[in-house]
1. Counting only Cβ atoms, what residue of chain A lies nearest to the axis that sends chain A onto chain B, and how many whole Å off?
2. So, for chain A, what is the accessible surface per residue at a probe of 1.4 Å, expressed in square angstrom?
3. Roughly speaking, what is the centre-to-centre gap between segment B:15-85 and segment A:123-158 when only Cα atoms are used, to the nearest Å?
4. For A:41-54, what's the mean count of beta carbons from other chains sitting within 10 Å of each residue's beta carbon?
5. With equal scatterers on the alpha carbons only and no solvent term, can you work out the Debye log10 of I(q)/I(0) for the protein assembly as shown at 0.09, 0.11, 0.13 1/Å?
6. Step through the residues of segment A:108-125 one at a time and calculate ³J(HN,Hα) from phi using the Karplus curve (6.51 cos²θ - 1.76 cosθ + 1.60, θ = phi - 60°), rounding each to whole Hz and writing x for Gly and Pro.
7. Keeping all protein chains in the complex and leaving out DNA, RNA and ligands, what accessible area do you get for residue A:90 with a 1.4 Å probe, in Å² to the nearest 10?
8. Would you mind checking the tilt of helix A:86-98 against the longest principal axis of the Cα atoms of chain A, expressed as 0 to 90 degrees and rounded to 10?
Number of protein chains: 2
Amino acid sequence: MLQLRDLPTQEVLRRFAQRYPEADVTAIASFLMLLRVATDLSVALDACLSKHDLLQGRWWVLILLMRETDLTSTPSVLAEKLGVTRASMTGLLDGLEQGGLVQRISVPQDRRSVKIQLTPAGQAKLDAVMPDYYTRLRLCMQGLNEQQRNDLQAILGVIDRGMSAWDFNQ
Amino acid sequence: MLQLRDLPTQEVLRRFAQRYPEADVTAIASFLMLLRVATDLSVALDACLSKHDLLQGRWWVLILLMRETDLTSTPSVLAEKLGVTRASMTGLLDGLEQGGLVQRISVPQDRRSVKIQLTPAGQAKLDAVMPDYYTRLRLCMQGLNEQQRNDLQAILGVIDRGMSAWDFNQ
DNA sequence: TCATTATAGTTAGGTGGCTAATTATGTCAA
DNA sequence: TTGACATAATTAGCCACCTAACTATAATGA
């Protein structure tokens, strides 16, 4: 993922706002900061996962499977939850199955469909990764008290709902 | 980009926290919400830019150039600011140059280096895109007052500084 | 009944990012 | 002076995602 390292100075923002009257300087600054922190986090997550021979897409699939009480789902549902195409999910599952972390099981009731199940090896992989990941995440967030965490989630919720306005006229 | 569409329920988070004592539930929830909103924004941005025949990487390069008073930079500096490798920047610049949006200019003082300059066509492209982008961004952020925007930036700043802890023991 | 449509998953081919190696040029110290 | 190293940009080849098209199966309705 592309990682914005260089946020604009106040002076640059003012200059852009002068050329483009539609600009809302504090909205832009907040947006850019949000993108930057999120990409930083994603890059750091990649680094953490690579130590365990995992890529982010495959790791999310394992987590989605572990969230299910029967450790099972289908390619379509997984693709929907992960926001990738079904074609991409086929590739992710190929990789995971090759590594023995998930298992494709045919479904007699609907022969178009396939069940995807987390294997014991897949669970073991998560048991190796998650403590590492959670520990880092805890450290990374420890500067925020409960109030700030709630504030953050509330503010992000407002932005997410505001995004319906994004596609207002397409 | 991968777009998390499915956040865990409180019940699932509790179950994970029970298996992994390292888990900090509110830290995880905040982190996932942050990633989700950021990827949603990035996907929406992609959609907006594609209407103008632009890809995100190339668009950021144009913006970085416009931030310079002489509309000029170098591949190395642009790569650094965008958080991509110099090899990737070569590809981005190839695309932009082919579209006439930037221009490679040789530097006699250091014959290893190349100056990259925003062309009038590149500036015109930005003049077409930015009002659209800024308008959407304004709508998307209009649910937040100035206090909340400041809070958001402050909280993100804490997380960003906390990320130095991420790589604590590699 | 059976043509039409919808759905599940895969395959084929394209693209943008990556790493590693290459070419060319500049810098510096013995 | 010159050998070793550093730096700038590029090329070559890999990988994960994409879209579009395909196969197989199920559901629907005239």
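1. A:38, 2
2. On the way: 8070 Å² over 170 residues.
It amounts to 47 Å² per residue over chain A.
3. Centre-to-centre (Cα) distance: 19 Å.
4. 2
5. -0.56, -0.81, -1.08
6. These are the phi-based 3J(HN,Hα) values: x, 4, 9, 6, 6, 9, 9, 8, 10, 10, 5, 8, x, 5, x, 5, 5, 4 Hz.
7. 70
8. Compared with the principal axis, the helix lies near 50 degrees.
The values are calculated or read from the model by the stated rules, or taken from the named source; none is laboratory data. These numbers were taken from a predicted model, which means no experiment stands behind them. Quick reminder, even Gly has a Cβ in these numbers, built from the backbone with ideal geometry, and neighbours come from all protein chains shown. Accessible surface areas use protein heavy atoms only, side chains included; no ligands, DNA or RNA. Shrake-Rupley method; radii C 1.70, N 1.55, O 1.52, S 1.80 Å.
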